[in-house]
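Some notes on the structure that comes next.
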Amino acid sequence: MINNSLTIPNNRSIRHFHSQTEIPLSSENSSQVPKRQHSQVQTDIVEIKENIFAEFNVSNLLNFLRKVTPIMCSALEKNCQSKAFNRYKLLSDVDSTSILCLHVLEKQLPSEFCCSSISWNSVGTAIATAFSSIDHKSWCEHSSSVDIWSLSRKDFDPKKPNLTLETDCCITYLSFHPELPAIIVAGKLNGEILLWDISKEDDPLLASTEIAIFSHREAITGLHWIIQYGKHNKIKFVSCSLDGKILLWSYEDDTLKLDDGFVILAKQLPRNFLIKTRKDNAEIGITSMTINSEDGNIFVIATEGGGIFQCAFDSLVPAQYSGICPISPKSPINMGFERHKGQVTCVQFSPFSRNIFLSAGSDEELRIYNLLQPKPLLILQLSSGGINSAQWSPIRPLVLSCVSSNGQFHIWDLKTDEKSPVESIPLNVDKSSGLSLQNNKENPNLVATSSSNGMIQVWELSGSVLMVEDNEEALLKFLSTNTE
């Protein structure tokens, strides 16, 4: 028999025994979660008035102020001396109709000289100015010039032009090419036309018109470029003058070639526009001209005596011109519009609508016409001072600007007020007459004006006059509403 007991010290014995227990029972139970729904109620806001006279520890406040006051004063003094935020303005601080004069361009000139014409180049970085005398008793014998300022150059000096083109006669009109920034054309008081390429430093003069029988013989009043599809480098333009002629020119083989011509004669005007002259075939001087931006065949001219006429380049009506001419001049007039009471100084097509154009005159009126109606759609009246130049805004169809003979720069916003200008700013202290006005198409916030005292000012527009909120439909709707 085997003894399973173990012998351990102290004579103790140990045995192993086993016991059996029952398997524990378990069960699973589930509970149901109640559904919940959110609902809102509206209650009145109860304004809680704070007790501004709450108790506080005066000594703690005094200690705090003594600690932070020197630090705050030191920081404020540094801010006053810093120039880091001189040109930074919050939107809340900007005046919605503010106009700032950025530059005043001046040149040493005789007292009788004025800035007769200005033009921006195609990229909007340079401005050309033409100077002429206001005292002409007979033939012009003055030495004049075309001066060009490059506003983007580091050596820009408002009192010293970057380039000067000398001429032997007063310049009455000039224009930069709309696509070639170095090409500029200018017209003289005697009717001669000059074409320059200012990229050529040695001899920038490309060509000039010859003294021919049918060339202009009086002051040039308009020079407008003709851009042909697919021929962007082709230099072609049209000129008008106080001699009643409209001539088309093209630059070929280093010469200016006369391609076509028109003449405005008194006896060929519509019956309601007849002008009494000493002879039936007298030429009627042209004071301004504009070409339609959508249809290059249509143009509008303003004539001496306040007449405004719609014309066409494809006219085949022969002009009853008795003078000797190398081409067959034609009469371009299709219809006439209600005339101004004074001299018309400016006409311009709207860049946003094919049929809408403006006119301005010495009768203190700024008019808006439709090509399909002889009477003006809208007449804007100045309180004083005839208008010498006016233009549409290049970005807003309902904004116009003009300069007046009493030295004022006016801006009209028809969306805001169709009865009076939203801004009227004096051009200078001595109230010299404003002569010319040019918008910068590449930088629409810049506008250049010139005065009879020879001063040229570059203005920066901001605020509502630059907000592009209206469009062509807004312009047509406004004009139709006022017409009714």
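The values are calculated or read from the model by the stated rules, or taken from the named source; none is laboratory data. All figures in this text were calculated on a predicted structure; none of them were measured in a lab. Cβ sites come from the backbone with ideal geometry, for glycine too, and all protein chains shown count toward neighbours. The accessibility values were calculated without ligands, DNA or RNA, using every heavy atom of the protein model including side chains. Shrake-Rupley method; radii C 1.70, N 1.55, O 1.52, S 1.80 Å.
Would you confirm whether or not the range 60-73 contains a residue that is at pLDDT below 90, under 30 Å from residue 405 (Cα atoms) and either of a type outside the set (A, V, I, L, M) or in contact with a strand residue (DSSP E or B) (Cβ under 7 Å, 6 or more places away or on another chain) (or both)? There is no residue in the range 60-73 that is at pLDDT below 90, under 30 Å from residue 405 (Cα atoms) and either of a type outside the set (A, V, I, L, M) or in contact with a strand residue (DSSP E or B) (Cβ under 7 Å, 6 or more places away or on another chain) (or both). Among the residues of the range 35-45, is there at least one that is out of contact with any Asp or Glu (no Cβ under 6 Å at 6 or more places or on another chain), surrounded by 10 or more Cβ atoms within 10 Å (Cβ to Cβ) and modelled with pLDDT under 70? Looking for residues that are out of contact with any Asp or Glu (no Cβ under 6 Å at 6 or more places or on another chain), surrounded by 10 or more Cβ atoms within 10 Å (Cβ to Cβ) and modelled with pLDDT under 70, one finds none in the range 35-45, hence no.
Residue by residue through the range 133-142, note down the ones that are surrounded by 13 or more Cβ atoms within 10 Å (Cβ to Cβ) and of a type outside the set (A, V, I, L, M).
Applying the first criterion (surrounded by 13 or more Cβ atoms within 10 Å (Cβ to Cβ)) to the range 133-142 yields 133-134, 136, 140, 142.
Those that are surrounded by 13 or more Cβ atoms within 10 Å (Cβ to Cβ) and of a type outside the set (A, V, I, L, M): 133, 136, 140, 142.
Hey, among 118, 183, which residue is touching a His at 6+ places or on another chain (Cβ under 9 Å) and crowded, with 20+ Cβ neighbours inside 10 Å?
Numbers: 118 fails: touching a His at 6+ places or on another chain (Cβ under 9 Å).
Going through 118, 183 in turn, the sole match is 183.
Quickly run through the range 150-180 and pick out the residues that are surrounded by fewer than 14 Cβ atoms within 10 Å (Cβ to Cβ), hydroxyl-bearing (Ser, Thr, Tyr) and either modelled with pLDDT of 95 or more or not in a strand (DSSP E or B) (or both). Within the range 150-180, 152 is the sole residue that qualifies. Any residue that is of a type in the set (Val, Ile, Thr) and either outside any strand (DSSP E or B) or open to solvent by 10 Å² or more (accessible area, probe 1.4 Å) (or both) - is there at least one of those in the range 375-395? Yes, the range 375-395 contains a residue that is of a type in the set (Val, Ile, Thr) and either outside any strand (DSSP E or B) or open to solvent by 10 Å² or more (accessible area, probe 1.4 Å) (or both). Selection over the range 190-216 of residues that are open to solvent by less than 50 Å² (accessible area, probe 1.4 Å) and in a loop (DSSP other than H, G, I, E, B) gives a count of 9.
Within 30 Å of the chain's Cα centre (by Cα) and of a type in the set (D, E, K, R) - does that describe any residue in the range 340-358? Yes, the range 340-358 contains at least one residue that is within 30 Å of the chain's Cα centre (by Cα) and of a type in the set (D, E, K, R). Report yes if some residue within the range 278-292 is touching a residue at least 40 places away in the same chain (Cβ under 8 Å) and more than 33 Å from the chain's Cα centre (by Cα); otherwise report no. Yes, there is a match, as at least one residue in the range 278-292 is touching a residue at least 40 places away in the same chain (Cβ under 8 Å) and more than 33 Å from the chain's Cα centre (by Cα). Test residue 108 against the stated conditions and say whether it is modelled with pLDDT of 75 or more, under 30 Å from residue 142 (Cβ atoms), of a type outside the set (Gly, Ala, Ser) and loosely packed, with under 10 Cβ neighbours inside 10 Å. So residue 108 passes the test.
Of the residues making up the range 217-244, those that are open to solvent by 10 Å² or more (accessible area, probe 1.4 Å) and over 16 Å from residue 184 (Cα atoms) are 217, 218, 219, 228, 229, 230, 231, 242, 243. Which of the residues belonging to the range 418-442 are assigned to a loop (DSSP other than H, G, I, E, B), open to solvent by 50 Å² or more (accessible area, probe 1.4 Å) and either under 20 Å from residue 368 (Cβ atoms) or at pLDDT 90 or above (or both)? If the condition is that a residue be assigned to a loop (DSSP other than H, G, I, E, B), open to solvent by 50 Å² or more (accessible area, probe 1.4 Å) and either under 20 Å from residue 368 (Cβ atoms) or at pLDDT 90 or above (or both), then 418, 419, 441, 442 are the ones that fit.
Please tell me if residue 372 is over 18 Å from the mean Cα position of the chain (by Cα), in contact (Cβ under 8 Å) with a residue 40 or more places away in the chain and farther than 18 Å from residue 457 by Cβ. Don't jump to the end; show me each part of the working.
On the way: over 18 Å from the mean Cα position of the chain (by Cα): yes; in contact (Cβ under 8 Å) with a residue 40 or more places away in the chain: no; farther than 18 Å from residue 457 by Cβ: yes.
It is false that residue 372 is over 18 Å from the mean Cα position of the chain (by Cα), in contact (Cβ under 8 Å) with a residue 40 or more places away in the chain and farther than 18 Å from residue 457 by Cβ.
Considering only residues that are of a type outside the set (S, T, N, Q) and either surrounded by fewer than 23 Cβ atoms within 10 Å (Cβ to Cβ) or free of Cβ contacts under 8 Å to residues at least 12 places away in the same chain (or both), look in the range 396-409 and name the one that is nearest to residue 343 (Cα to Cα).
Filtering the range 396-409 down to residues of a type outside the set (S, T, N, Q) leaves 396-400, 402-403, 407, 409.
Next, from what is left, pick out any that are either surrounded by fewer than 23 Cβ atoms within 10 Å (Cβ to Cβ) or free of Cβ contacts under 8 Å to residues at least 12 places away in the same chain (or both): 398, 407.
Working: 398: 25, 407: 18 Å.
Across the range 396-409, the extreme among qualifying residues is 407.
Are any of the residues in the range 122-132 of a type in the set (A, V, I, L, M), within 21 Å of the chain's Cα centre (by Cα), part of a loop (DSSP other than H, G, I, E, B) and surrounded by fewer than 16 Cβ atoms within 10 Å (Cβ to Cβ)? Yes, there is a match, as at least one residue in the range 122-132 is of a type in the set (A, V, I, L, M), within 21 Å of the chain's Cα centre (by Cα), part of a loop (DSSP other than H, G, I, E, B) and surrounded by fewer than 16 Cβ atoms within 10 Å (Cβ to Cβ). For the criterion of being acidic (Asp, Glu), at pLDDT 90 or above, open to solvent by 20 Å² or more (accessible area, probe 1.4 Å) and in contact with a Ser or Thr (Cβ under 6 Å, 6 or more places away or on another chain), residue 295 fails.
If you go through the range 280-292 and keep only what is under 20 Å from residue 370 (Cβ atoms) and either open to solvent by less than 30 Å² (accessible area, probe 1.4 Å) or part of a loop (DSSP other than H, G, I, E, B) (or both), you end up with 288, 289, 290, 292. Within the range 303-333, work out how many residues are touching a Cys at 6+ places or on another chain (Cβ under 6 Å) and either farther than 19 Å from residue 272 by Cβ or not β-branched (Val, Ile, Thr) (or both). Matching residues across the range 303-333 total 1. When the range 298-318 is examined, which residues are found to be open to solvent by 10 Å² or more (accessible area, probe 1.4 Å) and touching a residue at least 60 places away in the same chain (Cβ under 8 Å)? Listed by number, the residues that qualify are 298, 304, 310, 313.
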